[in-house]
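Visitor: Sharing a structure below in structure tokens format, with a few things to ask.
The values are calculated or read from the model by the stated rules, or taken from the named source; none is laboratory data. None of the values given here were measured: they were computed from a predicted structure. FYI the Cβ positions are ideal-geometry reconstructions off the backbone, even for glycines, and counts take in every protein chain you see. Keep in mind that these areas ignore ligands, DNA and RNA; they rest on the heavy atoms of the full protein, side chains included. Shrake-Rupley method; radii C 1.70, N 1.55, O 1.52, S 1.80 Å.
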Amino acid sequence: MVLSQHLTGSPTEAIVHLHKYHENVKKVKKHLHQTWLMAVVKTNAYGHGVVQISKEAVKAGADRLGVSSVAEGVLLRKEGIRIPIQILGAIPGTLADDAVAYDLIGSISTKEQALAFSKAAVRHRKWGHVHLKIDTGLHRFGVPPEEAHDFLEECRGLPNLYWEGVYTHFSHADDGDWQRTESQYEKFLQTIQALEEKGWAFPVRHAGGSTIMLERQDMYLDMVRPGISLFGYPPAARQRSILDLEPVMEVKTRILQLHDLSAQTSIGYGGSYTCPSRRKIAVVPVGHGDGYARSLSNRGQMIVRGQRAGIVGTISLDQTFLDVTDISGVCEGDEVILIGRQHEEQITAYEVAEWMDSITDEALASLKERIPRVYSDMDTGKENWK
Ligand SMILES: *Cc1c(COP(=O)(O)O)cnc(C)c1O
């Protein structure tokens, strides 16, 4: 269990608006018409909490769930989730048993994986459901297209494997490199066709994540696998107006202490910031130990009393300094927004990611579990500590 504020004494919390996730899933479902939706909830649902988010995805009509590890899949089954769950990462042979026991769909890229899944399926007297992963250019997992047929022939003798699907994952879709993406898609289609001609048919074919879901209906095939966009963050700036998806998570804390510092005082470890004049500096109890990146030192901003305040000095494990000189009436105990809205001001994870020189996936998924997640459901007015 994650310690809540009452136990840790820290006012830092992440509020996860489940109804916003629900609405995002529904908007995406509508946009997809008949195409299946695999809601990707890997990496603890990009930091939002895999159990609560997955339950909401099911309620909102997701057809399947995509996770990165067997452990996440097992957790979801133990929480009573019944819809198909696919492991998108490579499954170590030792975990094939759990994958089969908990009816998780495997992604197969190597003979060893196929063998382990088959053995586990025989042991459990079940069909092991698997998807063949084709590597069309990402070079992370997958069988090269030209080897796919030989690979399957080598696997032909393996008992209790049901090859339900085939998929690939593009390397340059988010960057809008359509030439490369189209060529990877073509390669994928040609591979499927060649396999079909040789008697290998796959009922579920899929290729795209958020970018394809938003921009390329022509590449949907049977299913799409959006992740980050369901949390309100389409991966590319050009996509932000397409579906009006709303950020799901807010991160807040409170001012712990205020200091009035005179000119030339340097603050924090290494004194990376020196007050150019008399400044009012706030200490807020969140730091890189919470997953709030150290690279935000002297760069990022937070919102206090509806105004932006700049981060000054080096962020430490548990504390960050804010320059609140220009915020009138500022007090110890004031609410501070790291991600979210207050009055007219808003900071999104896009902005935080930009300051970090990163992407929203990292800005969100890095937030540690020591920041308690509070699940809020506006429809019922309930907030649940977890
Ligand atoms: C992470 C992932 C996705 C989801 O990607 P988003 O860009 O977050 O939508 C889809 N498919 C695979 C194989 C992934 O690893």
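Visitor: Would you please list the contacts, defined by Cβ atoms under 7 Å and residues six or more apart or on different chains, that run from a residue in segment 111-129 that is over 16 Å from residue 164 (Cα atoms) to a residue that is open to solvent by less than 70 Å² (accessible area, probe 1.4 Å) and part of a strand (DSSP E or B)?
Guide: Correct list of pairs: 120/128.
Visitor: Kindly indicate whether any position in segment 167-178 is away from the ligand (no atom under 13 Å from the Cβ) and part of a helix (DSSP H, G or I).
Guide: Looking for residues that are away from the ligand (no atom under 13 Å from the Cβ) and part of a helix (DSSP H, G or I), one finds at least one in segment 167-178, hence yes.
Visitor: Under 6 Å between Cβ atoms, at least 6 apart or on separate chains: pull out the pairs that start in segment 230-241 with a residue that is closer than 11 Å to residue 349 by Cα and end on any residue that is of a type in the set (Phe, Trp, Tyr).
Guide: Listed by first residue and then by second, the contacts come to 231/46.
Visitor: Which is in a helix (DSSP H, G or I), under 29 Å from residue 18 (Cα atoms) and either at pLDDT below 95 or hydroxyl-bearing (Ser, Thr, Tyr) (or both), of 94, 43?
Guide: Unique residue meeting the criteria: 43.
Visitor: May I pose another question? Just one of (1) open to solvent by 50 Å² or more (accessible area, probe 1.4 Å); (2) in contact (Cβ under 8 Å) with a residue 12 or more places away in the chain trips up residue 30, so point out which.
Guide: Here residue 30 clears every test but (2).
Visitor: Next question. One residue is enough: does segment 128-141 have a residue meeting the conditions outside any loop (DSSP other than H, G, I, E, B) and more than 16 Å from the ligand (Cβ to nearest atom)? Write out each step before concluding.
Guide: Residues of segment 128-141 that are outside any loop (DSSP other than H, G, I, E, B), as a first pass: 128-134.
Checking the rest, the ones that are also more than 16 Å from the ligand (Cβ to nearest atom) come to 128-129.
Within segment 128-141 (the criterion being outside any loop (DSSP other than H, G, I, E, B) and more than 16 Å from the ligand (Cβ to nearest atom)), the answer is yes, since at least one residue qualifies.
Visitor: Shifting gears a bit: State whether the residues of segment 9-19 include one that is in contact with a helix residue (DSSP H, G or I) (Cβ under 9 Å, 6 or more places away or on another chain) and among the hydrophobic types (A, V, I, L, M, F, W, C).
Guide: So far as segment 9-19 goes, yes, one or more of its residues are in contact with a helix residue (DSSP H, G or I) (Cβ under 9 Å, 6 or more places away or on another chain) and among the hydrophobic types (A, V, I, L, M, F, W, C).
Visitor: If I go through segment 41-82 residue by residue, how many of them are among the β-branched types (Val, Ile, Thr) and closer than 16 Å to residue 131 by Cα?
Guide: Residues that pass the stated criteria total 2.
Visitor: Any residue at all in segment 342-357 that is touching an Asp or Glu at 6+ places or on another chain (Cβ under 7 Å), within 16 Å of the ligand (Cβ to nearest atom) and closer than 21 Å to residue 235 by Cβ?
Guide: Scanning segment 342-357, I find at least one residue that is touching an Asp or Glu at 6+ places or on another chain (Cβ under 7 Å), within 16 Å of the ligand (Cβ to nearest atom) and closer than 21 Å to residue 235 by Cβ, so the answer is yes.
Visitor: Still on this structure, please answer the following. Do any residues in segment 352-370 that are part of a helix (DSSP H, G or I) have Cβ atoms under 9 Å from those of residues that are within 16 Å of the ligand (Cβ to nearest atom) and among the basic types (Lys, Arg), where the two are at least six apart or on different chains, and which pairs are they?
Guide: Once the first residue is part of a helix (DSSP H, G or I) and sits in segment 352-370, its partners that are within 16 Å of the ligand (Cβ to nearest atom) and among the basic types (Lys, Arg) give 365/42.
Visitor: I'd like the full set of residues that are farther than 18 Å from residue 164 by Cα and surrounded by 22 or more Cβ atoms within 10 Å (Cβ to Cβ), limited to segment 130-153.
Guide: Once the filter is applied, which keeps residues that are farther than 18 Å from residue 164 by Cα and surrounded by 22 or more Cβ atoms within 10 Å (Cβ to Cβ), segment 130-153 yields only 136.
Visitor: Between a residue in segment 172-190 that is closer than 24 Å to residue 149 by Cα and free of Cβ contacts under 8 Å to residues at least 40 places away in the same chain and any residue that is assigned to a helix (DSSP H, G or I) and away from the ligand (no atom under 13 Å from the Cβ), which pairs come within a Cβ distance under 7 Å, given they are 6 or more apart or on different chains?
Guide: Qualifying pairs under 7 Å: none.
Visitor: Among the residues of segment 199-243, write down those that are open to solvent by 30 Å² or more (accessible area, probe 1.4 Å) and within 10 Å of the ligand (Cβ to nearest atom).
Guide: The answer is 235, and nothing else.
Visitor: Could I ask something else about it? Residue check: is residue 317 outside the structural domain of residue 350 (by TED's automatic domain parsing), aliphatic (A, V, I, L, M) and either in contact with a strand residue (DSSP E or B) (Cβ under 6 Å, 6 or more places away or on another chain) or in a loop (DSSP other than H, G, I, E, B) (or both)?
Guide: no
Visitor: So which of 56, 72 ends up being within 27 Å of residue 377 (Cα to Cα), away from the ligand (no atom under 16 Å from the Cβ) and among the acidic types (Asp, Glu)? Spell out how you get there, then give the answer.
Guide: On the way: 72 fails: away from the ligand (no atom under 16 Å from the Cβ).
Only one candidate passes the filter, namely 56.
Visitor: Is one or more of the residues making up segment 24-40 more than 16 Å from the ligand (Cβ to nearest atom), within 30 Å of residue 218 (Cα to Cα) and either within 16 Å of the chain's Cα centre (by Cα) or not assigned by TED's automatic domain parsing to the domain that holds residue 157 (or both)?
Guide: There is no residue in segment 24-40 that is more than 16 Å from the ligand (Cβ to nearest atom), within 30 Å of residue 218 (Cα to Cα) and either within 16 Å of the chain's Cα centre (by Cα) or not assigned by TED's automatic domain parsing to the domain that holds residue 157 (or both).
Visitor: Those residues that are assigned to a strand (DSSP E or B), of a type in the set (A, V, I, L, M) and open to solvent by 20 Å² or more (accessible area, probe 1.4 Å), I need them from segment 244-273; list them, please. Before you say what the answer is, go through the steps one by one.
Guide: Filtering segment 244-273 down to residues assigned to a strand (DSSP E or B) leaves 249-254, 257-261, 266-267, 273.
Then keep just the ones that are of a type in the set (A, V, I, L, M); that gives 249, 251, 258, 261, 267.
Once the filter is applied, which keeps residues that are assigned to a strand (DSSP E or B), of a type in the set (A, V, I, L, M) and open to solvent by 20 Å² or more (accessible area, probe 1.4 Å), segment 244-273 yields 258, 261.
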